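Engineer: There's a structure below that I have some questions on.
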Amino acid sequence: MKFDPATRIQELKQFGEFGGVNPSVTDSSTYTFLHAEDMTETFLGHLEGCFLYSRHWNPSNKYLAEALAAMEDTESAWITSSGMAAITCALLQLCQSGDHIVTSVTTYGGTYAFLKNWLPRYGIEVSFVNITNLASVEAAIRPNTRVIYTESVTNPLLQVSNIPKLAEIARRHNVRLMVDNTFTPMIFSPARLGADITVYSMTKFINGKNDCLAGSICGSRDFINRLSNVNDGTAMLLGPVLDTFRSAGILKNLHTLHLRMKKHSENALFLASELEKDGLKITYPGLPSHPQHQLHRQLMNPGFGFGGMIAIDFETEKRANQMMQKMQEAGVGYLAVSLGYFKTLFSCSGHSTSSEIPAEIQYEMGLSDGLVRFSVGLDNDIESTLQKIKSCF
Ligand code: PLP
């Protein structure tokens, strides 16, 4: 059935207490109660609709959470101060010492480092698999496995996860499927494809301005209530709250996300197709040469394209560095990490955002030393951007 996350956002009716077209921004860390009993009931989690303290819930983050839940078609959502806070809080809520996680080996470097170096210190074991090999995912599951973790489109290799098939495996083994959809908001709706929990770094496409960090966790009402429980909720107790002024800014930016995703995708498809014709080694899910091109087509919400991320293999770090410097000078964009910005950003993944992954594992998973990850911007004249790129060869 066709699902339109953009219309879900458009249909939201959220306005300010004085009728402002945007909700008022919360400027308080704590809230008054008219009746002392209501405070007790709110602490116990028996009363909804009252605000207690801004680390728990606050009106600005509630509006943004409602908007994300609508976009993802989940019962509820939670807002965090970074993408890493969303990932770590959700995983720590699901797992405890003695548990086990199966994850894609290809993930954002910070996620990889958390899974590889941090969780084992607290007795949580992690198996790293090729997420496109479903048999190896299932074979890695153990009786103590709690989570299968993946990214819809993985960073930086741009492998497309088969979310419905991973969800089937997860159900068979009573395991939760958690999906990081940072690269493909609106393009994929992981919950509708069977994921239990969707996480975002909203630092990227969702906010789209590179002016702050933010994250979110979307899932069932029960899961979000557990995360925010005052006694043992990971998000409540670790406290990664997003500042309300940032939250209000992101809510406004969410209303243009569909337009931005379409333009990022259109520009990326154009560059990927043209540069592939020139003989460059391009990975882009929108190209028929991509191994999961058909899968992407099958799973995507129509109309938002194949995303703004391209990987170009320049084979050696030296060549990649030369190209990136020339491209910055030529005005193609900026030599910078991060993504989802209105300008094109590029970085050499193995030596930046995936440098946490040891060189031998990078080699095993097929991450070339000269792989440059491009986050294609919103350029109005993408033909002239192409010419600028070509002038750097
Ligand atoms: N997930 C993905 C796919 C990312 O690329 C990143 C950061 O680059 C993160 C999560 C972490 O997000 P943040 O930097 O907002 O903590």
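Read-outs throughout are calculated quantities, based only on the coordinates presented, and are distinct from any laboratory measurement. It should be emphasised that the depicted structure is a prediction, and the values quoted were computed from it without experimental measurement. Glycine gets a Cβ as well: all are built from the backbone with ideal geometry, and neighbour counts include every protein chain shown.
Engineer: Mind checking which aspartates and glutamates have their C-alpha under 12 Å from Lys116, skipping anything on the same chain fewer than 8 residues away?
Structural biologist: Glu125, Glu356
Engineer: What Kirkwood hydrodynamic radius, in Å, does the chain give when the mean of 1/r is taken over all pairs of distinct Cα atoms and then inverted?
Structural biologist: Averaging 1/r across every pair of different Cα atoms and inverting gives 21.6 Å.
Engineer: What's the angle, to the nearest 10 degrees (0 to 90), between helix 163-172's Cα axis and the longest principal axis of the chain?
Structural biologist: 50
Engineer: Using 19 Å as the Cα-Cα cut-off, could you pick out the over-long pairs in Lys2/Lys262; Lys281/Lys343; Lys62/Lys209; Lys281/Lys390; Lys277/Lys388?
Structural biologist: Among Lys2/Lys262; Lys281/Lys343; Lys62/Lys209; Lys281/Lys390; Lys277/Lys388, the Cα-Cα distance tops 19 Å for Lys281/Lys343; Lys62/Lys209.
Engineer: Give me the distance in nm between label points sitting 7 Å out from Cα along the Cα-to-Cβ direction at Thr316 and Cys392, one decimal.
Structural biologist: If labels sit at Thr316 and Cys392, their model points lie 1.8 nm apart.
Engineer: Could you work out how far helix 317-330 tilts from the main Cα principal axis of the chain, as a 0 to 90 degree angle to the nearest 10?
Structural biologist: Helix 317-330 sits at roughly 80 degrees to that axis.
Engineer: Using DSSP to call loops (not H, G, I, E or B), can you name the GluC sites (Glu not before Pro) in segment 1-44 whose Cβ has at most 15 other Cβ atoms within 10 angstrom?
Structural biologist: Those satisfying the criteria are Glu11, Glu17.
Engineer: Given axes a ≥ b ≥ c from the Cα gyration tensor, I'd like to know whether segment 258-390 is rounded (a/c under 1.5), prolate (a/b larger than b/c) or oblate.
Structural biologist: Oblate shape, in that a/c is at least 1.5 and b/c is the bigger or equal ratio.
Engineer: May I pose another question? Under 14 Å from the Cβ of Lys263, count the other residues' Cβ atoms, weight Lys and Arg +1, Asp and Glu -1, and hand me the total.
Structural biologist: That works out to 0.
Engineer: On to the next question. Any idea what the alpha-carbon Rg over 2.2 N^0.38 Å comes to for segment 74-186?
Structural biologist: It is 0.99.
Engineer: Is the shape of segment 98-137 best called rounded, prolate or oblate, per the rule: a/c under 1.5 gives rounded, else a/b larger than b/c gives prolate, else oblate, with a ≥ b ≥ c the square roots of the Cα gyration tensor eigenvalues?
Structural biologist: Oblate, since a/c reaches 1.5 and b/c is not below a/b.
Engineer: Still on this structure, I have one more. Mean residue ellipticity at 222 nm from the helices of the chain, using -39,500 (n - 2.57) per DSSP H segment of n ≥ 4 over the full residue count, to the nearest 500 deg cm²/dmol?
Structural biologist: Taken over the chain, the calculation gives -10500 deg cm²/dmol.
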